[in-house]
Amino acid sequence: MDAELLARIQFAITAGFHFLFPPISIGLGLMLVIMEGLYLKTNDIIYHQMTHFWVKVFGLVFAIGVASGIVMEFQFGTNWSTYSRYVGDVFGSALAAEGIFAFFLESGFLAILLFGWDKVSPRMHFFSTVMVMLGSHFSAIWILVANSWMQTPAGYHIVETAHGLRAEITDFWALVFNPTTIDRLSHTIAASWQTGAWFVLSVGAFYLLKQKYTDFAMRSIKIALVVSLIGSFGQLISGHSSAKTLAKFQPAKLAAFEGHFEAQAPAPLYVVGWVDETNRSVSGIKIPGMLSFLVHGNFQAPMVGLTAFPEDERPPVNIVFQSYHWMVLIGLFLIGLSLATAISMWLKKLPNSRTLLWALVFSVLLPHIANMLGWMAAEIGRQPWIVYGLLRTKDAISPIVEAEKVLASLIMFILIYALLFAVFIYLLNDKIQKGPEIETEPTEGRRRA
């Protein structure tokens, strides 16, 4: 293996591990606001129990997320120094904004959220919950701004410096609202809501299976179901919009998503399939003309194929195709499972539907798998560019970093992350097994206006 491949594997592993946690904190943060808001509105103690329990879980997720995320920023300087020099003015401004407007907001109010139950008024505590939720969402905004700029650069110019070419900002708001920001941000936020919701659904279903904390579990599941369905349909809408944007700004990526080598009119939409890259063909189940219709509103509209691009500017096709399609299939399955759960609750059969409850318990894994597949499709589909149309990935690597050193640090990161994950699972299981604290009435601190 060479240094470039190892550096890409290292960043993929560290970013992938880190991204297990932000979607949970974003989705769970939204549900904490709903739960605590219901407590303030109804004064029903069960909603306080729910908020208190899930706040503890939120704190654990936040801590592991921060610990695992810091490493990625150092890799820009160690493994990707050419990239950092090239886009430092652009990428650095977005990361700085994330720290100032998001991380400080979230972490600043986190102490009140975790430890201020009997030290501040209920309204002040709720305000802190809202601020933490907004901070987690703002963090996603600035990270997605930075990543979306790499997909569709805007608001910059290239200047010659003593150390080579460098991108500099000419229009900050054009950078922020580059062509793919809104679609990718809305898709990621909706996915995060869904991830947090399925986390709550899984734990609620577990309690119902064990016949423990049933009222707590049923109300948690109700809230999570609403958030899950909103997130699911939000993903369908944002995903459709994103595909239309890709057709305009990243047609090679969209062609790889659907395995289209030659220009086609009408262009089919594949449900499942397998790409033979050698023979430039796809075998599978397809819907004739559907891709043309979804992108252009016309079943006969032509779609650009990969052969319209030089061979050295085409992404790997089959891995992108599979990542994209399995992400979509998982999303559709989760919508079906959410609807089945909602119907079972409406018929008052959910507590006794053990097969469905076990499906809910294990389906907590599916949003994470879909998230990873989505990022794989987006990032591998951008190749060979690290900044689309401007800087190739092979040219962004640090020129003096040796493969042996990258491999050594990669092994170290894998071991450390394995230990972190084991600690996380142990602590999470301990909190779930202990369950919520049973309260009969609010404490004096929570009665204060």
I'd like to know if segment 397-406 contains one or more residues that are within 30 Å of F309 (Cα to Cα) and not polar (S, T, N, Q). yes
Single residue of V66, V55 found to be crowded, with 20+ Cβ neighbours inside 10 Å, hydrophobic (A, V, I, L, M, F, W, C), out of contact with any Ser or Thr (no Cβ under 6 Å at 6 or more places or on another chain) and part of a helix (DSSP H, G or I): V55
Hits in segment 247-272 (condition: farther than 16 Å from G297 by Cβ, assigned to a helix (DSSP H, G or I) and in contact with a Leu (Cβ under 7 Å, 6 or more places away or on another chain)): A252, K253, A255, A256, E258
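Residue-wise test of (1) buried (at least 21 other Cβ atoms within 10 Å of the Cβ); (2) in a helix (DSSP H, G or I); (3) on the phi < 0 side of the Ramachandran plot; (4) not aliphatic (A, V, I, L, M).
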| site | (1), (2), (3), (4) |
| --- | --- |
| L144 | yes, yes, yes, no |
| A174 | no, yes, yes, no |
| I221 | yes, yes, yes, no |
| A224 | yes, yes, yes, no |
| H240 | no, yes, yes, yes |
Answer yes or no as to whether T14 is of a type in the set (S, T, N, Q), in a helix (DSSP H, G or I) and over 17 Å from the mean Cα position of the chain (by Cα). no
Which pairs do you get when a residue that is touching a residue at least 40 places away in the same chain (Cβ under 8 Å) and assigned to a helix (DSSP H, G or I), found in segment 364-382, comes within reach of a residue that is among the small types (G, A, S) and surrounded by fewer than 20 Cβ atoms within 10 Å (Cβ to Cβ), reach meaning Cβ atoms under 6 angstrom, with the pair 6+ apart or on two chains? M372/G16
How many residues does segment 123-143 hold that are more than 17 Å from V66 (Cβ to Cβ) and either small (G, A, S) or modelled with pLDDT under 85 (or both)? 1
Taking the stated definitions as given, is G284 surrounded by 14 or more Cβ atoms within 10 Å (Cβ to Cβ), in contact with a strand residue (DSSP E or B) (Cβ under 8 Å, 6 or more places away or on another chain), over 24 Å from P23 (Cβ atoms) and at pLDDT below 85? yes
Selection status of S323, without any contact (Cβ under 8 Å) to a residue 60 or more places away in the chain and farther than 23 Å from Y388 by Cα: no
Any residue that is in a helix (DSSP H, G or I), in contact with a Gly (Cβ under 6 Å, 6 or more places away or on another chain) and either closer than 23 Å to M290 by Cα or not aliphatic (A, V, I, L, M) (or both) - is there at least one of those in segment 326-335? yes
Whichever residue in segment 154-172 is under 29 Å from the mean Cα position of the chain (by Cα) and assigned to a strand (DSSP E or B) and, among such residues, is nearest to R392 (Cα to Cα): A167
Do we have F138 as closer than 25 Å to G234 by Cβ, in the same structural domain as N43 (by TED's automatic domain parsing) and of a type outside the set (D, E, K, R) here? yes
Residue, nearest to V145 (Cα to Cα), within segment 98-115, restricted to residues that are buried (at least 17 other Cβ atoms within 10 Å of the Cβ) and at pLDDT 80 or above: L105
Out of (1) in contact (Cβ under 8 Å) with a residue 40 or more places away in the chain; (2) assigned to a helix (DSSP H, G or I), the odd one out for D118 is which? (2)
Being under 30 Å from K394 (Cβ atoms), crowded, with 17+ Cβ neighbours inside 10 Å and of a type in the set (V, I, T) narrows it down to one residue among V132, V87; which is it? V87
Anything in segment 42-52 that is surrounded by fewer than 21 Cβ atoms within 10 Å (Cβ to Cβ), in a helix (DSSP H, G or I) and either outside the structural domain of D430 (by TED's automatic domain parsing) or not polar (S, T, N, Q) (or both)? List them, or say none. I45, I46, H52
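The values are calculated or read from the model by the stated rules, or taken from the named source; none is laboratory data. None of the values given here were measured: they were computed from a predicted structure. With ideal geometry, Cβ positions are generated from the backbone for all residues, glycine too; neighbour counts draw on all protein chains shown.
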